[in-house]
1. Do you know which residues across the stretch 122-141 are part of a loop (DSSP other than H, G, I, E, B) and over 20 Å from Ala164 (Cα atoms)?
2. May I ask you to say which residue of Ala202, Ala184 is more than 9 Å from the ligand (Cβ to nearest atom) and not in a helix (DSSP H, G or I)?
3. Tell me, yes or no, whether the stretch 207-216 has at least one residue that is more than 18 Å from Asn46 (Cβ to Cβ) and surrounded by 15 or more Cβ atoms within 10 Å (Cβ to Cβ).
4. Between Lys74, Lys60, Lys54, which is surrounded by fewer than 19 Cβ atoms within 10 Å (Cβ to Cβ), in contact (Cβ under 8 Å) with a residue 24 or more places away in the chain and either touching a His at 6+ places or on another chain (Cβ under 9 Å) or farther than 22 Å from Leu170 by Cα (or both)?
5. Have a look at Ala154, Ala164 and point out the one that is buried (at least 16 other Cβ atoms within 10 Å of the Cβ) and assigned to a loop (DSSP other than H, G, I, E, B).
6. I need every pair where a residue in the stretch 157-184 that is within 23 Å of Arg146 (Cβ to Cβ) has its Cβ under 6 Å from the Cβ of a residue that is at pLDDT below 95, sequence separation at least 6 or different chains.
7. For the condition within 16 Å of the ligand (Cβ to nearest atom) and under 16 Å from the mean Cα position of the chain (by Cα), what is the one hit in Ile108, Ile9, Ile116, Ile97?
8. Quick one: would you say Leu177 is more than 20 Å from Leu70 (Cα to Cα) and assigned to a helix (DSSP H, G or I)?
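The values are calculated or read from the model by the stated rules, or taken from the named source; none is laboratory data. Bear in mind the structure is a predicted one, so any value in this text is a computation, not a measurement. Neighbour counts are summed over all protein chains in view; Cβ atoms, including those assigned to glycine, are modelled from backbone coordinates with ideal geometry.
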Amino acid sequence: MNPENYRAICEELKPYHCRLVAVSKTKPVEDILQLYGAGQRVFGENKVQEMCSKYEQLPKDIEWHLIGHLQTNKVKYIAPFVRLIHSVDSLKLLIEIDKQAQKNNRVIDVLLQIFIADEETKFGLSEPEVEELLISTEYTRLQNVRVCGLMGMATNTDNEAKIASEFAQLQVFFKKLKTSFFSAQPHFKELSMGMSADYKIALRHGSTYIRVGSMLFGER
Ligand SMILES: *Cc1c(COP(=O)(O)O)cnc(C)c1O
């Protein structure tokens, strides 16, 4: 754990309406407890099993965010406690989250993951796919999920102008959806973008959640 980097990032975030998700994937619970001791309460994991095991072992006031690809058959394991799922990339998944949330008598907050990068490997919906999802009858029937915003990952490149243009594009789309689909829903306000290498750029484009791992916990 790197306490200097942690304090520096917290300082950097102060002028912005942005929170830090400390990405603890692959790191032991001891590392998480250290950052918890420094005051951090929001942690992000990309694997269901790992997140469940850490949830069991760690203090219950931690907010667990799922940031990685989620398979429908695994939703049930995290439904009782997950605070925010950043990586919803299909209507099928949204329907399953709704079902499991209902079983747990709760509403689960989610973000729709939007494909903004050049790379084939990144999951996510295209802009037309999101619009199609939001106007579908299946979606409008869901009562136990709440779409709170969007998530995106920029291309893994040194080209800052390219990263900035991808984040800018996501911010434009976010604003468009806010006006066209969510104008009566103030909870649609989150934009999850920016990681260790590019969070400074994301902050300039309206990010409300940065997801930072290696800068806090060291290389994986
Ligand atoms: C691992 C991961 C991060 C954090 O990446 P770092 O480069 O370690 O900061 C952020 N978002 C997602 C979706 C991740 O899988």
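1. The first filter runs over the stretch 122-141 and keeps only residues part of a loop (DSSP other than H, G, I, E, B), leaving 122-124, 126, 136.
Within the stretch 122-141, just Ser136 meets the criteria.
2. Details: Ala202 fails: not in a helix (DSSP H, G or I).
Among Ala202, Ala184, only Ala184 is more than 9 Å from the ligand (Cβ to nearest atom) and not in a helix (DSSP H, G or I).
3. Within the stretch 207-216 (the criterion being more than 18 Å from Asn46 (Cβ to Cβ) and surrounded by 15 or more Cβ atoms within 10 Å (Cβ to Cβ)), the answer is yes, since at least one residue qualifies.
4. Working: Lys60 fails: in contact (Cβ under 8 Å) with a residue 24 or more places away in the chain; Lys54 fails: surrounded by fewer than 19 Cβ atoms within 10 Å (Cβ to Cβ).
Going through Lys74, Lys60, Lys54 in turn, the sole match is Lys74.
5. Working: Ala164 fails: assigned to a loop (DSSP other than H, G, I, E, B).
Testing whether each residue is buried (at least 16 other Cβ atoms within 10 Å of the Cβ) and assigned to a loop (DSSP other than H, G, I, E, B) leaves just Ala154.
6. Leu170/Ile116
7. Details: Ile108 fails: within 16 Å of the ligand (Cβ to nearest atom); Ile9 fails: under 16 Å from the mean Cα position of the chain (by Cα); Ile97 fails: within 16 Å of the ligand (Cβ to nearest atom).
Result: Ile116 is the single residue among Ile108, Ile9, Ile116, Ile97 that is within 16 Å of the ligand (Cβ to nearest atom) and under 16 Å from the mean Cα position of the chain (by Cα).
8. Numbers: more than 20 Å from Leu70 (Cα to Cα): yes; assigned to a helix (DSSP H, G or I): yes.
It is true that Leu177 is more than 20 Å from Leu70 (Cα to Cα) and assigned to a helix (DSSP H, G or I).
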